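The values are calculated or read from the model by the stated rules, or taken from the named source; none is laboratory data. Here the structure is a predicted model, which is why all the values come from computation and not from measurement. Here the Cβ positions follow ideal geometry from the backbone for every residue, glycine too, while neighbour counts run over all protein chains shown.
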Amino acid sequence: MSASFSDLIILLSSGINQRRLYFDSHPKVKSLGRDFAEKLERRLRESNETAFFFGVLSGKFIRDGRFLVGPSIAGRSLIEFAERLGCGGFLFQQHVTADEVMAFFRLAAGLRERTGSLDASMAMLQAEGIRLIELTPHFRQADPNRPMDQLDFSTVDPSLIQFDFTEDDEDGEGGMGRSIQNDLAPLLPIFQSMYETVASNHTVVGRDGELDLARTQSVSEQLQVKADRETMDIMNLMRYPDYDSYTIGHSVRVSTLALTVGREMGWPEHRLGELATAGLLHDLGKAKIPDEILYKPGKLDAQERQIAESHAEIGARLLLGRPDVSPLVLAGAWGHHIRYDGGGYPKMPPWAVHSPIASLIQICDVFEALTAARPYKNPMPPRRAFEIILKDRAAFHPNAVMALVRAVGLYPPGSEVVISDGSRGYVTARGTKWDSPLVRITRDRKGRRLERDDQFLIDLADNRKLEVADFVSVNIDPDGKPVAGAPDDDTEGESRSVDELLSDARI
Ligand SMILES: [Fe+2]
Ligand SMILES: [Fe+2]
């Protein structure tokens, strides 16, 4: 199967990120350049096209006149590059070479300022020997009197906003209702700035610089104002571009989860911003852990494990030096790997008291790691993650567990489910009861596909006879394909404990 739009964006974005960390001929940079050139070539050959084009407008990708939300988060570095170049998009011609793609990575990784003009940018590409990657001018604006930089994403028609996975939705069944797309518009800029804030915190701290706490707090407060029960559904649909971004995407999701669960537990509104900040900063110490350990595939040896686990203490130390850090945020960073029964790490001194915020971040951290898609594992459906969490009850604060279940629901929108009468469909909303979602039925009891017009909605909360009998998929991967080499979640969930499952997740 040829690469999807998201796959290509992720390769480009990862290439730029890796080039920031390494030199040109580093194997990671080289293999991403080669991989992109090969996948692009195959895609163009299979689709009988001669070039691959995508636009950038107001911080988002546009393709075929539609904003693409998922890739816009994933491809942040590519969007920044387009903005500095002053272009409205990139055109990759057939036969572009791996060397040209690597030169593209190099330029993107190094360009810190705007170039001044599109002509200057084009000349820069040419000087680097890039011939088959072209820059295109800006899109024409809908309202010519309105300056480009004032074009507000929230004013865009929501029907233009598209999740990346619907691009490949060939059978027309679709996974998502419109409602989420409508909810997304005001949140997208916030997610984007959360993502940027965590990324820059990690970079700054990694280089022994000063942490921008005010920015972290301000974005957390924005989230607190805008986030509601549906926010987690949106978070569930977002993907992470590459290994480096897992820590970042993970912290953004933990932060949003912590806020949502905290609200569900009745935390006072003025504390919720701090909860979100604690989520964004909980893994700050990872900025000091070597990549070789953080991203090592497979098991860590005892010494590596000790280093990886030191991130909690390192994070707390980094925050301790700041008078403007709240004790809650500090407790979250220090204690988010301590189990409710006192196990985990760092070791609790006998006089220490279990902090409620640490318990909250801890369960959100575990749940995020279980349900996230990573290169080495498929996303686990929430219901299965809850089963695993409940098997190891002693590890978690009971109130936090219940609040998490209520906040997330067992069946998030986008999940494909089997109903107890044998029909199948997609969850369109979580509904009023956490185990009884609203489902759009797309296949009848005999498994026959229903035409779009014949599909119908069932509110399981209203229907006592019917319930969800099984989960088919969590519609997170845009292609609906399993992650290569990832273990089967079902068998994994049956036999392993939370600690075992997470021992290599480096959360
Ligand atoms: Fe952690
Ligand atoms: Fe974490």
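For the reader, a short list of remarks on this structure follows.
- Residue check, residue 103 crowded, with 17+ Cβ neighbours inside 10 Å, modelled with pLDDT of 95 or more and either in a strand (DSSP E or B) or out of contact with any Lys or Arg (no Cβ under 9 Å at 6 or more places or on another chain) (or both): yes
- The residues of segment 18-34 that are farther than 17 Å from residue 90 by Cβ and assigned to a helix (DSSP H, G or I), listed by number, are 18, 20, 21, 27, 28, 29, 30, 31, 34.
- Residues in segment 391-439 that are of a type in the set (A, V, I, L, M), out of contact with any helix residue (DSSP H, G or I) (no Cβ under 8 Å at 6 or more places or on another chain) and more than 28 Å from residue 452 (Cα to Cα) were compared, and the one that is surrounded by the most Cβ atoms within 10 Å (Cβ to Cβ) is 402.
- Any hit, segment 345-364, residues being surrounded by 18 or more Cβ atoms within 10 Å (Cβ to Cβ), at pLDDT below 90, away from ligand 2 (no atom under 14 Å from the Cβ) and outside any helix (DSSP H, G or I): yes
- Residues satisfying the stated conditions in segment 444-472, i.e. touching a residue at least 60 places away in the same chain (Cβ under 8 Å) and either more than 26 Å from residue 385 (Cβ to Cβ) or in contact with a His (Cβ under 8 Å, 6 or more places away or on another chain) (or both): 449, 452
- Restricting attention to segment 273-282, the residues being part of a helix (DSSP H, G or I) and in contact with an Asp or Glu (Cβ under 9 Å, 6 or more places away or on another chain) number 4.
- Restricting attention to segment 259-292, the residues being farther than 21 Å from residue 192 by Cα and more than 15 Å from ligand 2 (Cβ to nearest atom) number 13.
- Residue list for segment 34-49, filter: within 23 Å of the chain's Cα centre (by Cα) and either in contact (Cβ under 8 Å) with a residue 40 or more places away in the chain or buried (at least 22 other Cβ atoms within 10 Å of the Cβ) (or both): 36
- Criterion (modelled with pLDDT under 95 and within 21 Å of residue 107 (Cα to Cα)) met by exactly one of 72, 47, 58: 72
- Whichever residue in segment 283-300 is modelled with pLDDT of 80 or more and among the basic types (Lys, Arg) and, among such residues, is nearest to ligand 1 (Cβ to nearest atom): 286
- Residue check: residue 411 meets all listed conditions (1) within 16 Å of ligand 2 (Cβ to nearest atom); (2) touching a strand residue (DSSP E or B) at 6+ places or on another chain (Cβ under 6 Å); (3) not acidic (Asp, Glu) but one, namely (1).
- Residue list for segment 458-481, filter: part of a loop (DSSP other than H, G, I, E, B), modelled with pLDDT of 70 or more and exposed (fewer than 15 other Cβ atoms within 10 Å of the Cβ): 462, 463, 464, 465, 467
- Within segment 398-420, not a single residue is assigned to a loop (DSSP other than H, G, I, E, B) and within 16 Å of ligand 1 (Cβ to nearest atom).
- Filter result for the condition that a residue is more than 19 Å from residue 100 (Cβ to Cβ) and surrounded by fewer than 22 Cβ atoms within 10 Å (Cβ to Cβ), over 2, 25: 2
- Checking residue 324 against (1) in a helix (DSSP H, G or I); (2) in contact with a helix residue (DSSP H, G or I) (Cβ under 8 Å, 6 or more places away or on another chain); (3) away from ligand 2 (no atom under 16 Å from the Cβ), the condition it does not meet: (1)
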